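**Student:** Okay, here's the structure, questions in a sec.
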Amino acid sequence: PPLDDLWDTNDFQIAAKNVLSGAYYADYRTGALNEYTYQANLGIYSQVKLNGFAFRDVSNLQTNTTILGYNFTQPFFIAPAADAGHANKSAEASLAQAAGKAGILYVPSISSTLSIEQIAAAGVDGQVMFHQEYVWANQSRIIDELDRIKAAGFKAIFLTVDNTGINGVRTRSMRFNAESDTGHSVNFNLNSLAAFRNLTTLPIVPKGIKSWQDAVTCLNLGFPAIYVSNHGGRVLDGVPTSVEILMDIRQNAPQVFDEMEVYADGGVRRGTDALILLALGARAVGLGRPPMFANIWGEAGVARMISLFGTEMATSMRLMGVENVNQLNTSYVNTNGITL
Ligand code: FNR
């Protein structure tokens with residue numbers, strides 16, 4: 001379908017299903033096992049009520065924010081996702097360009113189609129990007145990649161810690177024999193997490209935090225930020241959603257939100273979904289599958305998805321009586337429908 005006919009992230013996904021091969025669509029779409037977590041990620045937002053306030057001046061609406069001190073136009077970013085080349089031969093280059101032109105953060109996966117250097121070169125002048133890394137069993141591979149990531153100009157590392165040693169069982173994708181993101185890394189412990197920081201001078205953000213205990217561990221070790229995520233329901237099926245994890249951290253370790261930046265993702269398909277995570281304490285919100293599907297239409301597709309999503313978010317902010325994304329806090333959401 002022509003790009004002009006696609007009006008939200010769901011339209012992009014439906015269109016993608018018709019365009020991609022069964023194997024590639026399954027690779028992007030799949031969750032693990034029963035996909036309970038995949039479905040819960042999408043459904044949880046309907047259980048949170050947004051509080052809207054009428055008597056507020058929202059004439060100077062501001063969506064811009066900082067992430068690790070860098071300025072971005074939006075509090076949402078393109079999360080790391082492997083193999084963008086399955087959607088389009090421009091692969092990660094069009095994701096980098098669309099993000100750069102929109103002024104949002106892009107964090108390419110270490111399992112990308114293009115090389116670290118190719119993705120860096122594809123960005124626009126002055127664009128700030130972070131890079132994802134895994135804890136590979138081969139330490140010299142990690143050191144080499146971290147050196148290349150830094151040399152290429154990336155400003156921080158999202159270190160994925162939720163599938164170290166073994167990956168999720170993704171039945172939907174296995175049926176096509178298309179699983180590409182296979183088990184790959186070492187069994188990871190506290191010492192290895194702390195020691196990882198000696199491998200690079202770039203700031204490191206552990207990605208895949210699912211409990212307040214792990215959040216506190218990262219805080220105590222002095223990490224500048226954590227990334228709450230269940231990996232889009234692709235690793236361990238049956239774990240909580242980011243809404244529940246953020247609520248759990250607030251209940252048991254509220255200091256985490258004051259003392260470090262917290263990012264979150266999972267099932268974010270509407271501007272209102274992003275606002276819910278921001279209100280629950282996330283400073284920035286990741287989109288995994290939506291940009292991957294939009295990239296079938298290349299840079300223009302990703303740009304349109306970002307723009308539509310931004311409009312949903314900004315419009316909903318106005319309707320809530322929120323002028324600045326940094327004003328969002330728990331007073332804007334009612335989570336009474338959710339029991340932890
Ligand atoms: C991912 N994700 C991911 N995460 C990561 O740290 N490294 C990776 O290489 C990948 N690869 C990957 C591939 C594909 C096709 C998907 C869909 C996801 C997880 C990703 O960063 C993010 O956590 C989730 O995708 C967020 O959920 P939604 O937005 O897809 O629902």
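No lab work stands behind these numbers, since they all come straight from the coordinates. Computed from a prediction, not measured in an experiment: that's the story for all the values here. When we count neighbours, we look across all protein chains shown, and the Cβ atoms used for this are built from the backbone with ideal geometry, even at glycine.
**Student:** To the nearest whole percent, what portion of all C-alpha pairs in region 205-261 is separated by more than 17 angstrom?
**Tutor:** On the way: 475 of 1596 pairs.
Every Cα pair in region 205-261 considered, those over 17 Å come to 30 percent.
**Student:** Same structure, new question: I'd like to compare 288-297, 121-130: which one has the highest average count of other Cβ atoms within 10 Å, and what's the full order after that? Mind showing how you got there, number by number?
**Tutor:** Working: 288-297: 25.8, 121-130: 16.6.
Descending packing order for the listed peptides: 288-297, 121-130.
**Student:** As a test, work out the antiparallel percent of DSSP beta bridges whose residues both lie in the chain, rounded to the nearest 5. If you can, show how the numbers build up before the last one.
**Tutor:** Numbers: 6 of 28 bridges.
Within the chain, antiparallel bridges account for around 20 percent of the total.
**Student:** Provide, for q = 0.10, 0.12, 0.16, 0.20 Å⁻¹, the log10 of I(q)/I(0) from a solvent-free Debye sum over equal Cα point scatterers in region 136-294.
**Tutor:** -0.38, -0.56, -1.01, -1.43
**Student:** Obtain the nm distance between the two label points defined at LEU221 and ASN60 by a simple spin-label model: each point lies 7 Å from its Cα along the Cα-to-C-beta direction.
**Tutor:** Placing both labels 7 Å beyond Cα along the Cβ direction yields 4.1 nm.
**Student:** Distance in nm between label sites at LEU340 and THR315, each 7 Å beyond Cα in the beta-carbon direction?
**Tutor:** 3.4
**Student:** Rounded, prolate or oblate: which fits the chain, taking a ≥ b ≥ c as square roots of the Cα gyration tensor eigenvalues, rounded meaning a/c under 1.5, else prolate when a/b beats b/c? Mind showing how you got there, number by number?
**Tutor:** Working: a/c = 1.30, a/b = 1.11, b/c = 1.17.
Since a/c stays below 1.5, the shape of the chain is classed as rounded.
**Student:** How much length would be gained if the chain were fully extended between TYR70 and SER211, taking 0.36 nm per residue of separation minus their Cα-Cα distance, in nm to one decimal?
**Tutor:** Additional length available on full extension: 48.1 nm.
**Student:** Can you compute the modelled spin-label distance between ASP147 and GLU259, with each label point 7 Å from Cα toward Cβ, in nm?
**Tutor:** According to this spin-label approximation, the distance is 3.5 nm.
**Student:** Then there's this: Give me the net charge for the shell around LEU68: Cβ to Cβ below 13 angstrom, other residues only, Lys and Arg +1, Asp and Glu -1.
**Tutor:** Numbers: positive: LYS155, ARG283; negative: GLU261.
Once all neighbours under 13 Å are counted, the net charge is +1.
**Student:** Quote the relative contact order of region 51-144 in percent (integer), defining contacts as alpha-carbon pairs under 8 Å separated by 6+ residues. Walk me through the intermediate numbers first.
**Tutor:** On the way: 125 pairs, mean separation 22.4, N = 94.
This gives 24 percent for region 51-144.
**Student:** How high is the relative contact order of the chain, given as a whole-number percent (alpha carbon pairs under 8 Å, six or more residues apart)?
**Tutor:** On the way: 685 pairs, mean separation 92.4, N = 340.
Result for the chain is 27 percent.
**Student:** Further question on the same structure: Just to check, using Stokes-Einstein with a Kirkwood Rh over alpha carbon pairs, what's the diffusion coefficient of region 66-108 at 10 °C and 1.306 mPa s in µm²/s?
**Tutor:** The calculation lands on 146 µm²/s.
**Student:** While we're on this one: Order of TYR25, TYR70, TYR227 from fewest to most other C-beta atoms within 10 Å?
**Tutor:** On the way: TYR25 22, TYR70 13, TYR227 28.
Lowest count first: TYR70, TYR25, TYR227.
**Student:** Oh, and also: Sort ASP147, ASP11 so the one with the fewest other Cβ atoms within 10 Å of its own Cβ comes first.
**Tutor:** Fewest-to-most Cβ neighbours within 10 Å comes out as ASP147, ASP11.
**Student:** Given the Cα-Cα distance of SER307 and GLN39 and 0.36 nm per residue of separation, how much length would full extension add, in nm? Mind showing how you got there, number by number?
**Tutor:** Working: separation 268, 0.36 × 268 = 96.48 nm, distance 2.52 nm.
Between SER307 and GLN39, full extension yields 94.0 nm more.
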